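Single-structure report; data block below.
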Amino acid sequence: MPPITFHPAILRPDPTRRQRILPILQAALDAVDPEVAVQKAVIWEPEGVQVQDRAYRWGDYRRVVMLAFGKAAVPMARAVREALGPHLHQGLVITKEGHGPADPQQLAPLRLFEAGHPAPDARSLTAARHAVAMVRELGPEDLLITLISGGGSALLTLPASGLTLQDLQVTTQRLLACGATIHEINAVRKHLSQVKGGQLARLASPARVLSLILSDVVGNPLDVIASGPTAPDPTTWADAWRVIETYNLASQLPRAVRDHLLAGLAGRLPDTPKPGDPIFQRVQHMIVGDNARAALAAQQAAQAQGFHTLILSTFVQGEAREVALVLAALGREIATHQRPLPVPACLLLGGETTVTLRGQGRGGRNQELALAAALALDHVPHGEDILIFSLATDGNDGPTDAAGGLVDGSTVARGRALGLDARDFLLRNDSYPFLRAVGDQLRTGPTRTNVNDLMGVCVMPL
């Protein structure tokens with residue numbers, strides 16, 4: 001995994017304290033290395049693979065085909081390609097721009113596509129069309145191995161009949177900006193697509209399908225990760241339309257999208273395949289890596305650094321600014337009352353927060369959380385003893401090249417010394433330039449993994 005650094009690599013007056021945190025974050029990323037996760041999650045043998053209680057023997061199939069999509073597609077595909085060897089008939093790898101190898105021939109015989117994220121682009125459609133053409137050729141004697149990771153919703157995009165790429169781009173942007181959860185966003189996406197919400201499995205039927213999944217969604221719901229292309233979809237047209245009403249998006253969406261959703265709501269369009277559909281009798285899913293594994297590795301690394309540690313939750317959700325207030329309160333409780341842990345302490349949390357865009361600034365949910373936490377620690381007793389971090393495990397926090405931030409009680413004051421008003425930056429959703437200016441930005445570059453976010457509260461007296 002790429003090493004974690006501060007930007008601009010200035011550790012300020014307390015380098016020793018901050019340097020103790022970096023190995024914790026690095027260990028979390030190393031634990032969810034996609035290639036290693038795929039290798040360890042199942043039992044690979046020369047003649048086949050054992051996945052939980054089911055065995056797949058290569059000789060039982062006419063063709064073994066691979067389809068990998070998501071931010072972790074390349075390392076996951078590399079692991080499976082190595083395990084399959086000459087038994088791999090063909091395959092496609094679809095990943096975010098800049099996440100593929102410099103020489104695509106390194107993945108041969110797999111064909112590489114890079115596409116847009118978080119909004120789909122024309123390359124997403126091209127890749128999806130090739131994927132659909134490949135899976136439609138499969139029969140009952142074939143095995144399709146799908147490797148699914150976060151980002152797959154945008155990277156594997158094929159609009160439903162009557163919709164355009166622009167329709168999906170606008171809809172995705174509106175959903176991301178309104179503060180909707182990933183469950184809500186994907187409930188809508190699944191009903192605007194030809195491949196999401198179990199529809200890829202339907203296209204591949206009657207082939208056997210094995211899906212190995214690196215989860216980027218809290219709780220690992222199969223139908224939500226990458227919009228569940230091979231999983232039964234419990235959401236309905238009514239659920240999708242409820243999201244539109246909840247966030248008052250009807251007037252902001254393209255007319256074709258509104259008409260499509262309302263046609264489905266009226267029963268004029270078929271719904272996505274549901275639990276109990278016989279196509280899923282030939283589909284198996286397995287989670288090979290998730291946020292909980294990253295948090296556990298972080299805990300072990302924190303203990304090695306001498307911290308008293310506790311994983312508080314890996315189910316954190318909510319508005320980034322509100323979660324930040326809770327993390328700051330936890331830090332103050334430890335610093336003041338030595339509970340729930342004595343100092344030096346490291347509380348760890350995982351999950352995925354949301355941001356409701358109110359301004360035109362630049363940032364992401366992890367940087368917004370960090371900046372809000374810094375404001376909550378400003379001018380409070382023991383504030384400089386409390387360090388709070390939030391890290392996007394994929395290395396890209398929102399539409400930025402930063403992974404997150406690490407702040408303490410001095411962050412806002414250091415901004416003031418530069419003439420920067422932290423509260424004004426937060427109100428404009430402009431966390432990126434503030435954290436960059438004060439040196440509290442975390443950077444990794446693309447990690448090629450994605451298991452949500454890792455947050456922490458570390459308390460170390462100066």
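Laboratory data are not the source of any read-out in this text; all were calculated from the coordinates shown. Note that the coordinates shown come from a computational prediction; the quantities given were computed from them, not determined experimentally. Here Cβ is always computed from backbone atoms with ideal geometry, including for glycine, and neighbour counts include all displayed protein chains.
Assorted remarks:
Conditions (1) surrounded by fewer than 19 Cβ atoms within 10 Å (Cβ to Cβ); (2) in contact (Cβ under 8 Å) with a residue 24 or more places away in the chain; (3) not small (Gly, Ala, Ser), marked per residue:
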site: 120; (1), (2), (3): no, yes, yes
site: 124; (1), (2), (3): no, yes, no
site: 128; (1), (2), (3): no, yes, no
site: 131; (1), (2), (3): no, yes, no
site: 137; (1), (2), (3): yes, no, yes
site: 144; (1), (2), (3): no, yes, yes
site: 147; (1), (2), (3): no, yes, yes
site: 172; (1), (2), (3): no, yes, yes
site: 175; (1), (2), (3): no, yes, yes
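- Qualifying strands (runs of 3 or more DSSP E) (wholly inside region 51-124; at least 3 residues being farther than 25 Å from residue 446 by Cβ): 54-57, 63-69
- Residues (without any contact (Cβ under 8 Å) to a residue 60 or more places away in the chain, out of contact with any helix residue (DSSP H, G or I) (no Cβ under 8 Å at 6 or more places or on another chain) and among the polar types (S, T, N, Q)) located in region 181-240: 236
- Residue in region 407-431 that is surrounded by the fewest Cβ atoms within 10 Å (Cβ to Cβ), counting only those that are under 23 Å from residue 331 (Cα atoms) and touching a Gly at 6+ places or on another chain (Cβ under 6 Å): 422
- Filtered residues of region 222-251 (kept if assigned to a loop (DSSP other than H, G, I, E, B) and over 20 Å from residue 118 (Cα atoms)): 230, 231, 232, 233, 234, 235, 236, 248
- The set of residues in region 424-450 being touching a helix residue (DSSP H, G or I) at 6+ places or on another chain (Cβ under 6 Å), part of a helix (DSSP H, G or I) and either on the phi > 0 side of the Ramachandran plot or not hydroxyl-bearing (Ser, Thr, Tyr) (or both) consists of 425, 426, 434, 435, 438.
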